[in-house]
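The values are calculated or read from the model by the stated rules, or taken from the named source; none is laboratory data. Being a predicted model, the structure only gives us computed values, none of them experimental. Virtual Cβ from ideal backbone geometry, glycine too; neighbours counted across all protein chains shown.
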Amino acid sequence: MKFIIVGKPIEYNRESIVYRLGNFILDNTEYFGAFCNILIRAKGRKLQAMVDIIIKTDIEKGKLNTKQLQTFQTLLSEYFIKIDRDGENTRGKIVEFLIANIGPISFESEPKYVVKECWVEDENKNRVGGEKNFDVGFHCNCKSMQDLSAELIESKLDLNNFLSLKPFDPSNLTMSLKAVDKLEYIEIIKETLSPSKHLVVALATVRYNVELSRKIMEQYGYDKTIEIFDYNHLKQAMDKLNTAS
């Protein structure tokens, strides 16, 4: 039976804050580290205080081009206003935007197809694994499964929070029910597309430290089939893209 990757085109309103801030980060990659740190740590009543501390620390370490600082702070303020208005899912949307622009991480192919909210269906248009999907997918143009190169990514802002039932207790390696459900789906897709020439299914996060996530994945036996792309993977892909351009 034949299977294909199906998804929605990557389209963003050029006036949206996700598009404008995302492109600022792509054009000024030295801000990526501070931005990821802010995404993970700056929340609640201490949001602005944490933002200020993170930016001040990176300036003192010489990591930021201060000529762009005012632009970054203005975009960041608008971004957090949108989060307050639309909810925390907005944090994850910008991660998806960045991944869609810097990927694929595990293979090189031109031309490549990039889709969002993607799934796999058979030749009868039946969706494999139910109604779930991946946030971002990359695949090449090919005539057969054996020629397929693909990378399917589930984006999670803070992977530890997603995978762990108790993320603030590193000794507890119990996986959350929503994570179990999602990873079972990912493994079904992995098995379905296994004849591919190159296939990576991955969880992507802006977190630096994913040791807890790796331990949980190992505990449940997912570490051999599902990759983790952490902050370092994303930064390397971003730097590679900038070098090529």
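Points to keep in mind about this one:
- Meets criteria (under 25 Å from I38 (Cβ atoms), loosely packed, with under 13 Cβ neighbours inside 10 Å and over 13 Å from the mean Cα position of the chain (by Cα)) for E218: no
- Those strands (runs of 3 or more DSSP E) of segment 86-199 in which 3 or more residues are out of contact with any Leu (no Cβ under 9 Å at 6 or more places or on another chain) and either of a type in the set (A, V, I, L, M, F, W, C) or surrounded by fewer than 17 Cβ atoms within 10 Å (Cβ to Cβ) (or both) occupy 112-122.
- Condition check for Y113: assigned by TED's automatic domain parsing to the domain that holds E151 and of a type in the set (S, T, Y): yes
- Total residues in segment 200-245, condition of a type in the set (A, V, I, L, M, F, W, C) and assigned to a helix (DSSP H, G or I): 8
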